[in-house]
Amino acid sequence: MKKVIILILFLLFGGFYFVGLTTPTKDLTEASIHSEGKPVLFLLIDSLMDEPLQKAIEEGKAPAFEFLIDHGHYYSEIVSSYPTMSVTVDSTLLTGTYADQHKIPALAWYRQDEERLVNYGSGPSEVWALGIKQMARDSLIRLNEDHLSQNVSTIYEELEDERIQSASINGLIYRGNSPGYLTIPRLAAWLNLLPENVNINGPTLLSLGGFSQWNSNSDYSNKIWKNIGINDEFSANELVYMIQENQLPSFTLAYFPNLDRPVHKRGPMVLKEIEAVDKELQKILNTYPTWKEAIQKATWIVYGDSGQSKVSSDDDSALIDLNDLLAQYAVWNPGDKVQERDQVVLAVNARMAYINLLDNGIAFSEIVSQLKKDPRIGFISWKEKEMNYVAAEGSNQLLSFSPNGNYTDSYGQTWDIEGDISLLDLTVNDQDIITYGDYPDALARLHGALHSHEGRYVIVDAKPRYEFIGDHTPTHVGGAAHGSLHKEDSVSPLIIAGTNNQPEYARVLDFKKWVLKLVGT
């Protein structure tokens with residue numbers, strides 16, 4: 001999904017990227033300021049999962065992955081943030097907070113103060129329904145400059161505060177302290193889709209596709225039919241260039257998007273595409289005299305940002321139509337302005353959705369009773385003031401929870417909990433220690449989503465093999481999808497080579513503190 005998000009495939013000729021980004025040129029070989037530690041290379045591989053990776057290694061198709069694992073540390077189940085959508089995951093990775101603090105609720109969410117649906121680009125149909133101009137500005141400008149909370153800081157911002165340089169290659173969340181600007185093509189500006197010049201703040205170096213590459217003398221596969229550089233080959237070649245030119249800053253995050261689309265289309269076990277990613281990793285490692293020297297000279301982190309759940313191949317059973325479930329209400333039609341008569345706005349994120357209640361006369365219990373009729377829904381959740389509630393089909397009880405109580409979970413977080421703990425597959429021992437089952441770090445992650453934005457809303461979360469649909473939403477029947485709190489969507493592998501340091505807990509939430517320590521702040 002990030003391919004659609006990063007630059008929006010929308011403008012002309014079938015909807016392709018026409019936006020360039022530049023930052024001030026900086027020579028990292030002269031008077032540059034580094035930390036004392038080795039440079040950290042963080043390779044973010046979209047939808048990389050443990051089982052297919054292990055299968056690819058077993059069949060000899062992933063020698064680079066195998067080398068990094070054999071000469072480093074491997075963790076098969078790192079817990080993502082929630083919802084398990086790229087914008088929210090990346091925001092958590094870079095800020096060390098869940099959505100209640102960084103305020104990026106999901107790929108699609110309702111902004112109450114502006115009375116509109118924010119969607120960073122989940123699919124072409126929604127792009128056209130909501131409007132090219134709105135989605136372009138949300139994805140390219142507002143996501144980093146406005147929507148990402150100013151009350152949190154990114155890795156890039158904290159490093160620059162310490163006068164330590166950093167870089168982002170094709171990263172979706174890039175906010176930093178170095179001034180730069182978006183260079184907008186004349187056609188887009190003439191059509192008033194985007195302003196002529198947009199000032200932004202990024203890391204020391206920001207590379208975003210073929211219009212912002214550092215090595216201007218190379219092709220880098222930045223053709224229209226290759227997403228103009230938003231691809232694995234571009235990301236790998238930029239890293240190779242930086243290494244060859246001795247321009248690696250102290251921290252570089254490089255995003256590799258190619259694996260995501262075939263997983264969505266065909267399901268998790270796409271070994272051919274993992275083999276292709278591995279070849280790009282080999283290219284980077286080959287920049288050094290030997291692979292062993294590569295991990296001696298740099299710290300390597302390889303992370304898959306979330307898992308994906310196989311979606312049933314039967315259209316009728318796979319797709320949970322929220323319009324049908326909520327047919328008795330006036331559900332807003334995407335593309336129209338929100339009217340006084342509209343009672344509900346759907347923000348669908350594949351295997352989870354926010355159901356926004358515009359009509360204050362609709363009680364939460366009323367909506368919950370409707371949703372509980374569908375056994376494909378894993379749970380339903382909402383908040384009232386500071387208390388969070390969970391319900392599910394098959395149980396007449398609720399689970400209520402809030403932070404800072406007498407129960408402690410495996411991450412050292414404390415909670416007040418009451419009611420049916422099985423709704424989130426929790427267990428509690430006689431020392432009041434909470435253990436998580438099918439929903440890892442469920443309380444903190446769900447609390448984050450329930451307090452991520454203003455308004456009255458209900459969260460629905462699908463069981464494995466199912467996904468939600470509304471008007472214009474993409475579907476993945478017979479393929480795979482994510483978004484939910486379930487472990488199938490929520491855990492993915494982490495490889496660390498070149499250091500014995502590791503995050504405090506096996507969660508993306510703990511990456512920021514860990515990375516800053518690795519860099520030497």
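Consider segment 369-411. How many of its residues are more than 25 Å from Gln328 (Cα to Cα) and modelled with pLDDT under 95?
The number of residues fulfilling the criteria is 2.
Residues in segment 223-237: is at least one at pLDDT 75 or above, surrounded by fewer than 21 Cβ atoms within 10 Å (Cβ to Cβ) and in a helix (DSSP H, G or I)?
yes
Evaluate the following for Asp316: is it modelled with pLDDT under 95 and either crowded, with 18+ Cβ neighbours inside 10 Å or part of a loop (DSSP other than H, G, I, E, B) (or both)? Spell out the reasoning first.
Values: modelled with pLDDT under 95: yes; either crowded, with 18+ Cβ neighbours inside 10 Å or part of a loop (DSSP other than H, G, I, E, B) (or both): no.
When the stated conditions are applied, Asp316 does not pass them.
Each row is one residue, and each column tells you yes or no for (1) touching a Pro at 6+ places or on another chain (Cβ under 7 Å); (2) farther than 28 Å from Leu358 by Cβ; (3) in contact (Cβ under 8 Å) with a residue 60 or more places away in the chain.
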| residue | (1), (2), (3) |
| --- | --- |
| Ile45 | no, yes, yes |
| Gln54 | no, yes, no |
| Leu68 | no, yes, yes |
| Thr95 | no, yes, yes |
| Glu114 | no, no, no |
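Which condition number does Gly394 fail, the rest of (1) part of a strand (DSSP E or B); (2) on the phi > 0 side of the Ramachandran plot being met?
Failed condition: (1).
Can you name every residue in segment 379-397 that is in contact (Cβ under 8 Å) with a residue 12 or more places away in the chain, surrounded by fewer than 20 Cβ atoms within 10 Å (Cβ to Cβ) and farther than 26 Å from Asp510 by Cα?
Glu384, Glu393, Gly394, Ser395, Gln397
Take Pro464 and tell me if it is in contact with a Ser or Thr (Cβ under 8 Å, 6 or more places away or on another chain) and at pLDDT 95 or above.
Spelling it out, Pro464 is indeed in contact with a Ser or Thr (Cβ under 8 Å, 6 or more places away or on another chain) and at pLDDT 95 or above.
When the residues of segment 335-373 are filtered to those that are of a type in the set (A, V, I, L, M) and part of a loop (DSSP other than H, G, I, E, B), which remaining residue is surrounded by the fewest Cβ atoms within 10 Å (Cβ to Cβ)?
Filtering first and then ranking leaves Ala363.
Considering (1) closer than 30 Å to Leu516 by Cα; (2) at pLDDT 75 or above, say which one Leu182 fails and leave the rest.
Tallying (1) closer than 30 Å to Leu516 by Cα; (2) at pLDDT 75 or above, Leu182 fails exactly one: (2).
Taking segment 463-484, which residues are in a strand (DSSP E or B) and under 21 Å from Trp332 (Cβ atoms)?
Scanning segment 463-484 gives Glu467, Phe468, Ile469.
Scan segment 319-334 residue by residue and report those that are part of a helix (DSSP H, G or I) and closer than 18 Å to Met85 by Cβ.
Within segment 319-334, just Leu322 meets the criteria.
Within segment 394-417, count every residue that is closer than 17 Å to Asp441 by Cβ and of a type in the set (S, T, N, Q).
Residues flagged as closer than 17 Å to Asp441 by Cβ and of a type in the set (S, T, N, Q) within segment 394-417 amount to 6.
Among the residues of segment 343-376, what is the count of those that are farther than 20 Å from Ser122 by Cβ and among the β-branched types (Val, Ile, Thr)? Let's see the steps before the verdict.
Step one: filter segment 343-376 for residues farther than 20 Å from Ser122 by Cβ, giving 343, 357-376.
Now narrow it down to the ones that are among the β-branched types (Val, Ile, Thr): 362, 367-368.
Matching residues across segment 343-376 total 3.
(1) in contact with a strand residue (DSSP E or B) (Cβ under 8 Å, 6 or more places away or on another chain); (2) assigned to a helix (DSSP H, G or I): which one isn't true of Glu273, the others all being true?
(1)
Could you tell me which numbered condition Asn246 fails, if it satisfies all but one of (1) modelled with pLDDT under 95; (2) part of a helix (DSSP H, G or I); (3) surrounded by fewer than 21 Cβ atoms within 10 Å (Cβ to Cβ); (4) not charged (D, E, K, R)?
If we test Asn246 against (1) modelled with pLDDT under 95; (2) part of a helix (DSSP H, G or I); (3) surrounded by fewer than 21 Cβ atoms within 10 Å (Cβ to Cβ); (4) not charged (D, E, K, R), just (2) comes out false.
Condition (residue is within 26 Å of the chain's Cα centre (by Cα) and closer than 21 Å to Ala106 by Cβ) applied to segment 359-375: is it met by at least one residue? Walk me through it before giving the result.
Taking segment 359-375 and keeping what is within 26 Å of the chain's Cα centre (by Cα), we get none.
No: zero hits.
With a cut-off of at least 2 residues that are in contact with a Pro (Cβ under 9 Å, 6 or more places away or on another chain), name the strands (runs of 3 or more DSSP E) lying wholly within segment 410-456.
414-419
The values are calculated or read from the model by the stated rules, or taken from the named source; none is laboratory data. Just so we're clear, the structure is a prediction, and the values are computed from it rather than from any experiment. Cβ atoms come from the backbone with ideal geometry, glycine included; neighbour counts cover every protein chain shown.
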